[in-house]
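Each remark here refers to the structure printed beneath this line.
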Amino acid sequence: MRILPRSAFGQTVFLIGLLLLINQLVSYLSVAFYVIKPTTQQINHLIAKQIRVVFIDVGHPQSVLSRELTARFQQATGIEVYSEQQARQHGLDEAIYYAYFSELMSKELEGDAEVRVAQGESYAFWVRPPQAPHYWVKVPLSGLDETDFSPLTFYLLMIGVLSVGGGWLFARQLNRPLKSLQQAALQVGRGEFPPPLPEHKGSTEIIAVTKAFNYMARGIQQLEQDRALLMAGVSHDLRTPLTRIRLASEMISEQDNWIREGIINDIEDMNAIIDQFIDYLRHHKEEPGQKENLNTLVQELVQSEHLQQRHIHVQLAEPMPAILLRRIAIKRLLNNLLENALRYSDGDIEISTGIERNRKRVYLQMRDHGPGIPGYQMKSMFEPFTQGDRARGSGGSGLGLAIIKKIVDMHHGDVTLHNHPEGGLVVMVYLPIK
């Protein structure tokens, strides 16, 4: 179980709270050793002097004057002397024994003394002096019962709350640029290029990281543009000779018709591969998202005339919520999935949709009845130019699933593959509702 926070925000607040706690402990110890301890020693010294005055005539019973002075002193100061039984009747049993005060009082009175402190409606010291071990002296402390510690408690509480609150605001302000940096990094990872981040917010270290990130994002964007331009140029230059080859093939005599058909098929395959390259480079970032019903797009796909060559079982969940989609991109995703299923299997194809309300997402499931894909190849199937030909027995550019993965990532979704227990490959596409 991890106790310390992992985020920089949590660690900063935890550090401020820990430093505040250490500061409070040091302050408490300082007050205890340099204020409270000398004060208690002084109080104990004064009480010991008063007790000495009370028992100044002990051992001199003939000193009547001393007894009179003692009685007048008791009347003036409120100090009372009780026997053991009388002391218990006046609250001795409720008083709390203090070993520290007893030790100090024993040193002051040069004998074994016991001190108890009553903390009821009024504070009082109960002292059993060594001069008269069968008596108890009650010394009232009228100043302590009027002391109100609530302002001090409120002050310490407010200092703690303000310190932690200030640390929270400081850490939040410090980590706000990091949050923006995280979101921008995720967008770049999905192939999107957000506007440059402000380079004047946060500490100097955060500003330096932001500048480096903006520089990196500009470099990636330039590389992406160069790659798209290069691919567009290569595709354009390849289509021109392919067109001439096809025109030339039309001039082949009827007796060599089989040669013409082979050339035309090869040209169509090459054009299809070039189209896949273009689709892979095209992220559809310029296409605006709009509310669409996934069931509607699936029905449009299935109803296409050129896809009616095999039976397709469709099971659509109703009602299906409308979600934010890039329509053309999702139609290309569905078309690629269906083309793969038609190409790599001979049986029927099953398409179904549904909702996972607990995870707030919809899903599309497409299953064929082909040979499937070996388990060790599953993780690499979404990488560009990866083919499962050895298992599924067909050629291609290896970009079909890579294009699907790009489109799903662009919609903040997820796509998985697994082999059905009864045979065939199952593709699951998950798209968030929000």
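The values are calculated or read from the model by the stated rules, or taken from the named source; none is laboratory data. Note that the coordinates shown come from a computational prediction; the quantities given were computed from them, not determined experimentally. FYI the Cβ positions are ideal-geometry reconstructions off the backbone, even for glycines, and counts take in every protein chain you see. Only protein heavy atoms, including side chains, enter the accessible area calculation; ligands, DNA and RNA are left aside. Shrake-Rupley method; radii C 1.70, N 1.55, O 1.52, S 1.80 Å.
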Fill in the blank from the handout: Counting only residues 5 or more apart in sequence or on a different chain, those whose built amide H sits under 5 Å from that of M378 are none
Problem - Rounded to the nearest 10 Å², the accessible area of V35 at probe 1.4 Å - result: 80 Å²
Problem - Backbone N within region 312-334 under 17 Å of label point (7 Å from E356 Cα along the Cβ vector) - result: 317, 321
Problem - Hz values of 3J(HN,Hα) by residue in region 343-359 - Karplus curve (6.51, -1.76, 1.60), Gly and Pro given as x - result: 6, 9, 8, 10, x, 6, 10, 10, 10, 9, 10, x, 10, 10, 5, 5, 9
Problem - Karplus-derived 3J(HN,Hα), 6.51/-1.76/1.60, for each residue of region 421-434, Hz, glycine and proline x - result: x, 8, x, x, 9, 10, 10, 10, 10, 10, 10, x, 6, 10
Completion exercise
Note: E254 to H45 extended length (0.36 nm per residue) minus current alpha-carbon separation gives 62.3 nm
Problem - For V314, distant residues with modelled amide H under 5 Å away - result: I351
Practice task
Would you grab the residues whose amide H sits under 5 Å from the one on G354? Only those 5+ places off in sequence or on another chain, please, with H modelled 1.01 Å from N.
Solution key: A317, Y363
Problem - Å³ per residue enclosed by the Cα convex hull of region 395-434 - result: 64 Å³
Problem - Cβ-defined net charge surrounding K434, 10 Å radius [Lys, Arg +1; Asp, Glu -1] - result: +2
Practice task
Which order do the peptides 124-130, 260-266 take when ranked by the mean count of other beta-carbon atoms within 10 Å per residue, highest first?
Solution key: 124-130, 260-266
